[in-house]
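For reference, the structure discussed in these notes is given below.
Rule-based calculations on the coordinates, nothing more; no lab input. Predicted, not measured: the structure shown is a model, and the values here were computed from it. In this analysis, Cβ positions are derived from the backbone assuming ideal geometry, glycine residues included, and neighbour counts consider all displayed protein chains.
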Amino acid sequence: MWVSLALMPELPEVETVMRGLAGALAGRRLVRVEQRRADLRFPLPERFAARLQGRRIEGFDRRAKYILAALDDGMTWLSHLGMSGRMMLGQGPAPAPGRHDHLIVETDDGQHLIYRDARRFGFMDLIAAGALADHPRLAGLGIEPLGPELAGRRLRALFAGRRAPLKAALLDQRRIAGLGNIYVCEALNRARLHPDRPSGALSAAEARALAKAVRAVLEQAVAAGGSSLRDYVQASGELGYFQHSWRVYGREGSPCPCGRKGAIVRRTVQSGRSTFFCPVCQR
């Protein structure tokens with residue numbers, strides 16, 4: 001049985017959106033910026049639109065679930081999509097704004113970008129040159145799970161001496177930045193590790209298997225364009241399709257792909273979040 005879910009976009013979704021924006025907007029100048037309200041989840045920076053207008057985007061990056069656009073004056077434009085935020089790219093002048101279109105940008109090559117957010121859980125900020133690492137949203141974040149630091153040895157060091165359940169440890173943004181509920185459930189299933197296992201008790205082989213599984217599931221999800229949650233679409237407007245590859249997430253009562261006798265996906269709740277796992281192959 002599949003479950004309809006509305007959740008915050010996770011790292012692969014944000015990575016997919018960031019890459020779409022980079023392909024279309026890197027090197028482009030923002031010739032018109034219209035700010036249609038003073039706040040999203042938090043107040044927008046003072047003179048936000050005026051400070052963006054006229055700037056050229058030098059490039060894009062991602063840190064955890066934040067999209068970072070480097071501007072030609074040294075500032076960084078930080079964006080977080082929240083639960084329902086969308087970056088909508090199009091050709092030609094921007095159409096008449098809809099009710100939930102909060103930021104409208106037009107570029108020097110005739111494109112437009114609309115930030116649409118019905119729930120307004122997303123937010124944006126402008127960060128001064130040299131202040132990126134110390135920004136309150138970015139300071140203290142852990143390693144990037146798609147970066148070179150993710151390896152079995154590093155995982156064992158991060159979790160050493162910890163009694164916290166393995167799933168909770170993987171979701172701790174101070175240790176690994178950007179991992180979310182869906183992909184942690186999927187990675188644990190691939191590594192055949194129980195979500196309740198004490199995180200500090202991983203063997204070297206188990207840690208290597210987990211690091212490999214985390215990277216593989218994220219890379220596969222990015223290649224698929226992410227998972228199409230209720231509000232999530234790519235910057236191109238296309239839907240991702242990794243949800244069709246979910247092994248356990250949202251599949252309570254279905255057979256686990258391990259194929260073992262009695263291997264039926266279960267659901268439990270940890271720290272207020274649904275956890276899906278196979279009680280037979282995950283130990």
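Calculated FRET efficiency, GLU149 and GLN220, Cβ-Cβ r, R0 25 Å, to nearest 0.05? Taking R0 as 25 Å, the efficiency between GLU149 and GLN220 is 0.80.
Helix 204-223 and the longest principal axis of the Cα set of the chain meet at an angle near 40°. Calculated on the Cα set of the chain, radius of gyration then Dmax: 20.1, 63 Å. Look at THR275, THR107 and count the other Cβ atoms within 10 Å of each Cβ; fewest to most, that gives THR107, THR275. With R₀ fixed at 22 Å, the C-beta to C-beta distance from GLU58 to ALA133 puts the FRET efficiency at about 0.80. Footprinting exposure proxy ranking of ARG190, ARG154, fewest other C-beta atoms within 10 angstrom first, gives ARG154, ARG190. Relative to the Cα centre, the charge distribution of the chain, modelled as +1 at Lys and Arg Cβ and -1 at Asp and Glu Cβ, gives a dipole magnitude of about 1340 debye.
Note on PHE121, PHE159: ascending count of other Cβ atoms within 10 Å places them as PHE121, PHE159, the fewest first.
Once every DSSP H run of n ≥ 4 in the chain is given -39500 (n - 2.57) and the sum is divided by its residues, what mean residue ellipticity at 222 nm do you get, rounded to the nearest 500 deg cm²/dmol?
Working: 6 runs with 65 residues, N = 283.
Calculated mean residue ellipticity at 222 nm is -7000 deg cm²/dmol.
Helix 181-191 and the long axis of the chain differ in direction by around 40°, with both axes built from C-alpha atoms.
In a reduced charge model with +1 at each Lys and Arg Cβ and -1 at each Asp and Glu Cβ, the stretch 55-99 shows a dipole moment near 260 debye about its Cα centre. Relative to the longest principal axis of the Cα atoms of the chain, the long axis of helix 11-25 makes an angle of roughly 30 degrees.
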